[in-house]
1. In percent, how large is the relative contact order of the range 13-65, given Cα pairs closer than 8 Å and 6 or more residues apart?
2. Could you please rank 130, 32, 7, placing first whichever residue has the fewest other Cβ atoms within 10 Å of its Cβ?
3. Please determine, in degrees from 0 to 90 and to the nearest 10, the orientation of helix 189-201 with respect to the longest principal axis defined by the Cα atoms of the chain, where the helix direction is its Cα long axis.
4. Could you give the length gained on full extension between residue 83 and residue 180, defined as 0.36 nm per residue of separation minus the Cα-Cα distance, in nm?
5. Exposure proxy check: 19, 121 ranked by fewest other beta carbons within 10 Å?
6. When the C-alpha atoms of the range 1-109 are aligned to their principal axes, what extent does each axis show, in angstrom, from largest down?
7. Normalising by the residue count of the range 97-151, find the relative contact order in percent from Cα pairs under 8 Å and 6+ residues apart.
8. Roughly what angle does helix 51-61 make with the longest principal axis of the chain, taking Cα atoms, 0 to 90 degrees, to the nearest 10?
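Every number in this text was worked out from the coordinates using simple rules, so none of it is lab data. Just so it is clear, the model here is predicted, and its values are computed rather than measured. Backbone-built Cβ (ideal geometry, glycine too); neighbour counts: all protein chains shown.
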Ligand SMILES: NC(=O)c1ccc[n+]([C@@H]2O[C@H](COP(=O)([O-])OP(=O)(O)OC[C@H]3O[C@@H](n4cnc5c(N)ncnc54)[C@H](OP(=O)(O)O)[C@@H]3O)[C@@H](O)[C@H]2O)c1
């Protein structure tokens with residue numbers, strides 16, 4: 001292998017079985033080795049809401065060059081139905097504990113298994129900038145993820161990079177989500193996967209890759 005030949009990376013992909021995750025696995029799997037992770041399926045069982053279990057599963061997995069998350073759940077509910085509440089009682093609990101803190105914890109745990117110069121890529125979404133009715137949780141969580149990635153990027157050790165991919169609604173999800181996203185231009189998951197490629201295989205850090 002010459003010095004200019006890109007080397008084959010070992011990549012952990014959380015949510016590999018999902019709509020977005022399958023496209024990311026397809027794109028990066030052409031050139032790299034993908035460790036597919038999910039709650040119940042894949043090469044590695046890992047739950048974003050179980051930090052201790054996540055750390056243990058990643059330690060067992062061993063060193064990697066990139067950690068990607070293409071998972072994360074939020075609740076959709078009209079604001080009129082949302083009452084003030086503690087986190088555990090709140091409609092916002094799912095988004096805060098699963099998509100937000102789950103991905104933040106994954107990024108924090110990833111530092112222990114990433115090789116020097118490795119990368120972390122998380123998933124946000126268009127609702128941080130372009131709201132829909134019933135989407136206040138997703139708007140809040142996606143915005144918070146953008147802030148986390150910018151803030152964490154300047155403190156990551158050993159040249160580790162961290163970025164966020166923020167897609168519009170996926171073309172493949174329009175059967176389910178179409179009525180909530182009238183007027184939004186859906187993007188094919190394969191095009192969103194290219195942003196993950198830029199994050200993993202490119203040089204940037206602290207970036208939000210918007211795919212609209
Ligand atoms: N679909 C869209 O239009 C769209 C648009 C913008 C942003 N996004 C974002 O993209 C991400 C993926 O969306 P998607 O539509 O591809 O979802 P999806 O089809 O429901 O797939 C989710 C995947 O994540 C895994 N997963 C779910 N919860 C998990 C957890 N707590 N810990 C570990 N793995 C978990 C699931 O696997 P197991 O069941 O095996 O755990 C599954 O493979 C989400 O953050 C979503 O908000 C989606």
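1. Working: 55 pairs, mean separation 13.2, N = 53.
Relative CO of the range 13-65 lands at 25 percent.
2. Details: 130 14, 32 20, 7 8.
With the fewest neighbours first, 130, 32, 7 line up as 7, 130, 32.
3. 50 degrees
4. Numbers: separation 97, 0.36 × 97 = 34.92 nm, distance 2.21 nm.
Full extension of this stretch gives 32.7 nm more.
5. Values: 19 15, 121 28.
Lowest count first: 19, 121.
6. The Cα atoms of the range 1-109 stretch 60, 27, 25 Å along their principal axes.
7. On the way: 32 pairs, mean separation 20.3, N = 55.
Taking the mean separation of contacting Cα pairs over the length of the range 97-151, I get 37 percent.
8. So the helix axis and the longest Cα principal axis differ by about 30 degrees.
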